[in-house]
Amino acid sequence: MREAAPLTLRPRVSSIGTRLALAIALILSGGGVMVTFAALAYGRDAAHEAFDRLLVGAANQIAAAIRIQDGTVIVDIPVPAFELMALAPEDRVAWRVVGPDGATLTGYDEVARPPRAEADTVFYNGEFRGERARYVSVRRRFAERAFSGTIDVIIGHTMRARDALAWDITSKALLVLGVAGVLMVGLAIFAIRSALRPLRRIEDALSRRDPRDLTPLKVDLPRETAIIVTAINRFMARLDDQVRGMRSLIADASHQVRTPVAALRALAELAAEEEDPEKMRAVVARIRDRAVGLSRLTNQLLNHALIIHRAEAEPTGLTDLRTVAIRTAEESDHDLFSSGADLALDLPEDPVWVQGDALSLTEACKNLVNNAFRHGILPVTLRVSAAAPGTATIGVRDRGAGPPEDHWRDAGARFSRAAGVTPDGAGLGLAIVHAVARAHSGRLAFARGAEGGFEAALVLPAVPGPPEAGA
């Protein structure tokens, strides 16, 4: 048969670094486009402002040189005016001086007059011999005996120098923008790598760790990434509990089941060799007792594993402890009850609510009941109460003295002295109860009554019941 190819898991989403890089690239691109348009607008406005000053300066010099002699307008164009316009050597210069009647006093007739305006100085765009041009119109008023009216001085030039200056300003601004963009990209890459370095530190700590090491990670991290390590540590703690539970189950099964199985085998071999019917019946009775004990031990081992599993995997819900008590009474091992002995129930009239898993609580109570019948003194009572504020109690009381008080502390340990260890596995009963109590944020409590007797109980946090229950 052909071997199956190894399963390779590919990430379905890009890395954080890639996503950050794309986001920063989009931001920089958008900012670059906006700054480019701003640079173009700034270069154009700056070029217009610079050359408009040349135009208005030349126009004012020409207007200042106009004089009236014997009612005739005399225009002497000063040389400095054209020297100003010579600052744009590649452009063509056009001018026109217009009298009050609209006639051209000097200059080019093809130069268009500005749109009608009240201002004395007007800038406008036009054409001159097929090229775009920029003009300024300066108005000078005369009020003399021989001449009265306004004279418009129009001067302009083509826009080659303006466009060249605008592009020069824009290109320099874009060069600065490009250098700044490269620096920002470099800083962004450095910032991304620095920000993601703690994640690499977590990866290194996990990759160097032994697979069997489930102790908490200890890595110096910033506050924003420390929550990841906290979540990993919580997960590893739960995983460690599961692994320890499995190891405990394996250790308990290998240690505790071996002896009863060996005893059953020895008794079976003895029964096979026995010929006396009376002795044969005695051996069979012992085999039955051993089988019952082995069955009870196996059930307790499996129940212990089930309780640990459900504590992590099963969701909890509102549970009435009275229902748990009734279910316990129905499902308890009645073979333990002596003839004429029953399990008494002491239940309140009102519900006693807790947040928990009904199956786990029932298993815990069944173990308390079994321990009481096997190690206590009749009568046995299963009691539910909510005496203390905020607490709910479900416990089993009998007339026996119970274990010594110095054994109560370790009563929840597997096969402890307080659990009454016997060959049939009673040593796991209180360990199951203790595991259920811890899973429900409660505790396993022991008490002796004022009039004698012993009680083992689960003390759990009480919670409010559903609204319909109160109604």
Residue farthest toward the positive end of the dipole of the chain, with Cβ of Lys/Arg at +1 and Asp/Glu at -1: which of Met34, Ala271, Asn125? Asn125
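Which FRET efficiency value, to the nearest 0.05, is calculated for Ala146 and Glu110 with the Förster distance at 35 angstrom and r the Cβ-Cβ distance? All intermediate terms of the calculation are to be shown ahead of the outcome.
Working: r = 30 Å, r/R0 = 0.87.
The calculated FRET efficiency here is 0.70.
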Is the shape of segment 250-301 rounded, prolate or oblate, going by the alpha carbon gyration tensor and its root eigenvalues a ≥ b ≥ c, with a/c under 1.5 for rounded and a/b larger than b/c for prolate? oblate
Under 5 Å, built H, 5+ apart or other chain: amide partners of Phe142: Gly149, Thr150, Ile151
Distance between the C-alpha centers of segment 58-97 and segment 109-147? Whole Å please. 13
Å² of accessible area per residue within segment 126-264, as computed with a 1.4 Å probe and no ligands counted: 65
The chain, accessible surface, carbon-and-sulfur percent (1.4 angstrom probe): 57
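Provide the FRET efficiency to the nearest 0.05 for the Leu40-Arg92 pair, computing r from the beta carbons and using R0 = 25 Å. It would help to have the intermediate numbers written out before the result.
Details: r = 25 Å, r/R0 = 1.00.
Computed FRET efficiency for Leu40 and Arg92: 0.50.
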Listed by chain and number, the residues whose amide H is under 5 Å from that of Thr106, excluding neighbours fewer than 5 places away on the same chain and using placed H, are Val97
Unit charges at the beta carbon, dipole of the chain: most positive-side option, Gly245, Ile66, Val436: Ile66
Can you tell which of Ala447, Thr150, Pro211 lies farthest toward the positive end of the dipole of the chain, using +1 and -1 charges on the Cβ of basic and acidic side chains (Lys, Arg; Asp, Glu)? Thr150
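The values are calculated or read from the model by the stated rules, or taken from the named source; none is laboratory data. All of these numbers come straight from a predicted model, not from anything done at the bench. Cβ atoms come from the backbone with ideal geometry, glycine included; neighbour counts cover every protein chain shown. With ligands, DNA and RNA removed, areas are computed over all heavy atoms of the protein, side chains included. Shrake-Rupley method; radii C 1.70, N 1.55, O 1.52, S 1.80 Å.
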